[in-house]
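Heads up: the structure comes next, in structure tokens.
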Ligand code: URA
């Protein structure tokens, strides 16, 4: 076994919970998606509509990882189709990256939310470390199946769960990071951070920086 596969196996085994009933091994994405649909390895499935598995070509060169599906992704069953997904689509297009050629997924595959104080809105809640750990074998299996050239962590949750809890996206965005997970690994901001920009000018400059990071990523191919 080569050292890349060996180190991936070690990290998958370390994080695999004892109680796991489903065993994601590298196989087809369709088989993984079906198996993940029944995952009960943490409690997030109880309040979610469905598992939102990754999507994209099985031989994608670029593999994008976000945090977890949002409200619209939970209902639709597809990653990055809500407001953050629209920002991502626009930025990818500006960077000259075809989204249909990219694999898009999340570190956690169920929507974690709490009811709004008033109204029916479902408010996004950050996943716990234990929930990210419970979901990690699915991400490892996606990576081992797709074998991307470039792995891109979108935001701190993805970056810290894949590159270490001390990793700072602010300090290291757009830089190549040494990692056994893929030949080239980079982190940038999560597109939802652009949605939270305080005004139009801030949104425009944050979008430009995001596009600049993605343009550099395109140049790595
Ligand atoms: N935010 C994410 O991190 N992932 C999605 O799929 C949607 C929003």
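Values quoted throughout were computed directly from the atomic coordinates according to the rules given, and no laboratory measurement underlies them. Every value quoted in this text rests on a predicted model; they were computed, and no experiment measured them. Cβ atoms come from the backbone with ideal geometry, glycine included; neighbour counts cover every protein chain shown.
Couple of notes before you dig in:
- Subtracting the Cα-Cα distance of residue 59 and residue 93 from their residue separation scaled by 0.36 nm leaves 10.2 nm.
- Over the chain: helical MRE at 222 nm, DSSP H runs n ≥ 4 each giving -39500 (n - 2.57), nearest 500: -12500 deg cm²/dmol
- Cα→Cβ-extended label distance, 7 Å offset, between residue 175 and residue 219, nm: 1.7
- Region 43-92: translational diffusion in µm²/s, Stokes-Einstein, Kirkwood Rh over Cα pairs, 4 °C, 1.567 mPa s: 110
- Computed over the chain: relative contact order in percent, which uses C-alpha pairs under 8 Å that are six or more apart: 23
- Normalised convex hull volume, region 3-219, alpha-carbon set, Å³ per residue: 123
- Within region 3-219, DSSP assigns beta bridges of which about 30% are antiparallel (rounded to the nearest 5).
- Structural descriptor for region 105-176: relative contact order 24 percent, calculated from alpha carbon pairs under 8 angstrom and at least 6 residues apart.
- Region 35-90, relative contact order [Cα under 8 Å, separation at least 6], %: 30
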